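The values are calculated or read from the model by the stated rules, or taken from the named source; none is laboratory data. Quick caveat: nothing in here was measured; it's all calculated off a predicted structure. Heads up, the Cβs are rebuilt from the backbone with ideal geometry, glycines too, and the neighbour counts pull from every protein chain shown. Heavy atoms of the whole protein, side chains included, go into the accessibility calculation; ligands, DNA and RNA do not. Shrake-Rupley method; radii C 1.70, N 1.55, O 1.52, S 1.80 Å.
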Amino acid sequence: MLTRRQFVASAALLAVSGWAGHSLISPAAAQTADQGASAFIQKLGNDAIATFSDKSLSRDQAIQRFRTLLYAGFDVPYIGRWVLGRYWNSANEAQRAEYQKLFEQLIVNTYAERFVEYSGETFKITGVSPAGEADSMVTTQIVRPNGPPVNVSWRVRKGGADYKIIDVVVENVSMGVTQRQEFASVIEQNGGRVDGLIQALRQKVGRTG
């Protein structure tokens, strides 16, 4: 079952990563990056709402649209590596490849159903500020038809001409940090073996290997 924070995050888009830093770029460049990040979040949010308010889509079509939006908006490979933390370095290539596939499927399974069941959530951008060398934090408010608004911040990283989300912070709680702690706990319970997490993910997404 999704937690309240996971549900609210999925109503806008989805999950993960994050740390603080000191900006080494000029104020003018930072302002331009912040404006670009804000426009990126606005467009991505509008596209998500337009897609999932279209009830003519079949479930499979909606899930495929979700996958497309996921990769358009989120740096999924980076997020997967960051969430695995120090255990990424101890994993071999085969483990890394399977883990990344399972991590993507976990995200799709966890959040796609909420997108398919879109029920009128909207959002508005309330601010944007620099966060490290190449990141911007775009703050938004998620407005729900049957509940109080919720504050959600998106950490956006600029790479060349592209922007990607690397973290979702719901009511001051990083979804990436939360996922990282959960994965580390599973690995530690399995003697520090990444295979223990991979097996748990297989079971969670319904794959046998």
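Checking the stretch 109-117 against the condition returns a match, with at least one residue being out of contact with any strand residue (DSSP E or B) (no Cβ under 8 Å at 6 or more places or on another chain) and of a type in the set (Gly, Ala, Ser).
Per the conditions (1) surrounded by 13 or more Cβ atoms within 10 Å (Cβ to Cβ); (2) without any contact (Cβ under 8 Å) to a residue 12 or more places away in the chain, the sole criterion not satisfied by GLY160 is (1). Just so you know, in the stretch 79-97 the residues that are open to solvent by 80 Å² or more (accessible area, probe 1.4 Å) and farther than 15 Å from ILE198 by Cβ include one that is nearest to the chain's Cα centre (by Cα), and it is ARG86.
Looking at ASP167, ASP195, can you tell me which residue is touching a residue at least 40 places away in the same chain (Cβ under 8 Å) and not in a strand (DSSP E or B)? Of the residues listed, the single one that is touching a residue at least 40 places away in the same chain (Cβ under 8 Å) and not in a strand (DSSP E or B) is ASP195. Within the stretch 63-104, the residues that satisfy the criterion of being touching a residue at least 40 places away in the same chain (Cβ under 8 Å) and of a type in the set (S, T, N, Q) are SER90, GLN95.
You will find that of ASN146, ASN109, ASN151, ASN172, the residue that is open to solvent by 70 Å² or more (accessible area, probe 1.4 Å) and over 25 Å from SER53 (Cβ atoms) is ASN172 and no other. Apart from one condition, TRP88 fits all of (1) part of a helix (DSSP H, G or I); (2) in contact with a strand residue (DSSP E or B) (Cβ under 8 Å, 6 or more places away or on another chain); (3) not charged (D, E, K, R); the exception is (2). Within the stretch 49-62, residues that are open to solvent by less than 50 Å² (accessible area, probe 1.4 Å) reach partners that are hydrophobic (A, V, I, L, M, F, W, C) and not in a loop (DSSP other than H, G, I, E, B) with beta carbons closer than 6 Å, at six or more positions or on different chains, in the pairs PHE52/PHE115; ALA62/VAL116.
Does the stretch 113-136 contain at least one residue that is among the basic types (Lys, Arg), touching a residue at least 60 places away in the same chain (Cβ under 8 Å), outside any strand (DSSP E or B) and in contact with an Asp or Glu (Cβ under 9 Å, 6 or more places away or on another chain)? No, the stretch 113-136 contains no residue that is among the basic types (Lys, Arg), touching a residue at least 60 places away in the same chain (Cβ under 8 Å), outside any strand (DSSP E or B) and in contact with an Asp or Glu (Cβ under 9 Å, 6 or more places away or on another chain). Of all residues in the stretch 159-193, those being of a type in the set (S, T, N, Q) and at positive phi number 1.
Restricting to the stretch 116-157, and then to whatever is among the aromatic types (Phe, Trp, Tyr) and under 14 Å from LEU44 (Cα atoms), can you tell me which residue is modelled with the lowest pLDDT? So, considering only residues that are among the aromatic types (Phe, Trp, Tyr) and under 14 Å from LEU44 (Cα atoms), the one modelled with the lowest pLDDT is PHE123.
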